[in-house]
Every structure is written in C-alpha cells, then in structure tokens.
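Participant: Following this message is one structure expressed as structure tokens.
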Amino acid sequence: MPLIIAKSEVQNNLEVLGFAANVISLDEKRQALEDMRVQAQIALIDELKYRKLINLAVTYKARLAALKTRELEDVARRWVLTVQGPAASINWGDITETFWRNKNLFMHRVLQNDCPIRTEIACALNTNTSLLITINEAERVARFDVVENGGLSGYSIQDLDYDLALSGVFGLLREIEAA
C-alpha cells in the first residue's frame with residue numbers, strides 16, 4: 001500500500017532540509033492543465049477567426065489592419081454619435097447631417113450641397129462587438145471598423161470597393177464574429 005503524505009508535511013520536511021519546495025496538489029495540477037486546454041482552444045478559435053478575416057480581405061482586395069488605441073477611441077466615439085444621433089436632419093450652412101434608423105442599423109450621412117460626402121452605418125454584431133461602416137462617397141471606398149472586448153481591441157477592413165456588395169461583407173463579418 002502506497003504511503004500518502006499531505007502537501008504541508010512534504011513542504012515542512014523539505015524546508016527543514018533547506019530546500020525551497022514548489023509542491024502542488026493534484027487538484028492544482030488538474031486545474032492548471034484545464035486552464036492550458038482552455039487557453040489552447042481560445043488560441044485556436046482566434047487563429048481560425050483571423051484566417052477567415054484574412055481570406056475576406058484577400059477576396060475583396062481590401063486591407064486588414066489592427067486598430068490602435070487612439071483609433072479604437074475614435075471609432076467608439078463615432079459609433080456612439082451615429083447610434084445616439086437624433087432621427088432628423090441638421091443643417092450647417094451648405095452641410096447637412098442626417099440621422100436615421102433602419103431595423104438594427106443606425107445611419108449618419110453628411111451631405112454638402114445635397115451631394116453625399118460620407119455615410120456611416122453603426123450596429124452591434126453581438127453583445128461584445130460593434131461595427132462601424134464608413135463609406136467615403138467621393139472616393140467610392142468603404143471601411144469596416146470592428147471594436148471588440150468593450151473597446152479593448154479591434155480591427156479594420158479598409159479600401160473596399162464601393163460598388164461591391166457591402167451586404168455580402170457585412171454578412172461574412174457577422175458570421176465570423178458569431179464563431
């Protein structure tokens with residue numbers, strides 16, 4: 001029959017002999033292994049997500065980039081402005097700002113002399129992720145900014161051709177973020 005010694009007895013005996021003991025119990029070892037498995041699974045999910053994002057960018061000839069801290073703050077500010085804007089038009093001389101809502105999408109359009117300059121579309125992809133689509137009407141390009149983890153991280157898909165099916169990219173992003 002094997003001899004079972006409590007953790008504290010082993011530590012005491014080693015300390016008496018002058019050894020610094022790093023003895024862990026079986027429960028602590030099992031918990032550490034489970035934590036490592038969870039971290040590996042999260043890393044695998046993130047790797048799969050980023051592969052899908054890279055594939056999306058390559059498919060639509062766009063650029064995928066991480067958002068810097070100041071960019072995260074700017075996107076979050078513009079997202080809140082778009083979502084909380086009054087459902088109305090505001091005139092500033094020859095500039096008109098229009099806010100409206102279509103189901104779960106919030107729109108903000110800036111016009112100069114009745115010609116659209118910029119359109120922003122904001123929505124929540126899930127409880128932890130928000131999306132801001134910015135369409136530069138003059139250059140005919142779109143940019144998708146995704147802010148995750150309560151504003152701690154995010155990425156952007158830039159230089160999308162204006163004429164491509166924006167709903168297709170939107171649908172793919174929604175699918176990727178749901179994974």
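The values are calculated or read from the model by the stated rules, or taken from the named source; none is laboratory data. Remember, it's a predicted structure, so these values are computed and weren't measured experimentally. No Cβ is skipped: glycine too gets one built from the backbone with ideal geometry, and neighbour counts run over all protein chains shown. The area values use the complete protein model at the heavy-atom level, side chains included, leaving out ligands, DNA and RNA. Shrake-Rupley method; radii C 1.70, N 1.55, O 1.52, S 1.80 Å.
Participant: What accessible area per residue comes out for the stretch 93-173, rounded to a whole number of Å², with a 1.4 Å probe?
Facilitator: About 48 Å² of surface per residue is accessible.
Participant: To continue, here is another question. For the stretch 50-179, which whole-number percentage of the solvent-accessible area (1.4 Å probe, protein heavy atoms only) is attributable to carbon and sulfur atoms?
Facilitator: After summing per-atom areas, the C and S share lands at 54 percent.
Participant: From the P(r) of the stretch 100-179, can you give the percent of Cα pairs sitting at distances over 16 Å?
Facilitator: Value for the stretch 100-179: 53 percent of Cα pairs lie more than 16 Å apart.
Participant: Grab the beta carbon distance between GLN112 and ALA65, set R0 = 22 Å, and tell me the FRET efficiency rounded to 0.05.
Facilitator: Once rounded, the FRET efficiency stands at 0.20.
Participant: What is the calculated FRET efficiency for ASN128 to SER89, with r their C-beta to C-beta distance and R₀ = 25 Å, to the nearest 0.05?
Facilitator: 0.15
Participant: Taking 0.36 nm per intervening residue step and subtracting the Cα-Cα distance, what contour gain separates ALA138 from ASN55 on full extension?
Facilitator: Going from the current span to full extension adds 27.2 nm.
Participant: Rank these by accessible area, largest first, 1.4 Å probe: ARG51, ARG174.
Facilitator: My answer, sorted largest first, is ARG51, ARG174.
Participant: Just in the stretch 61-159: which trypsin sites (Lys or Arg not before Pro) are loop by DSSP and have at most 15 other Cβ atoms within 10 Å?
Facilitator: LYS61, LYS68, LYS103, ARG140
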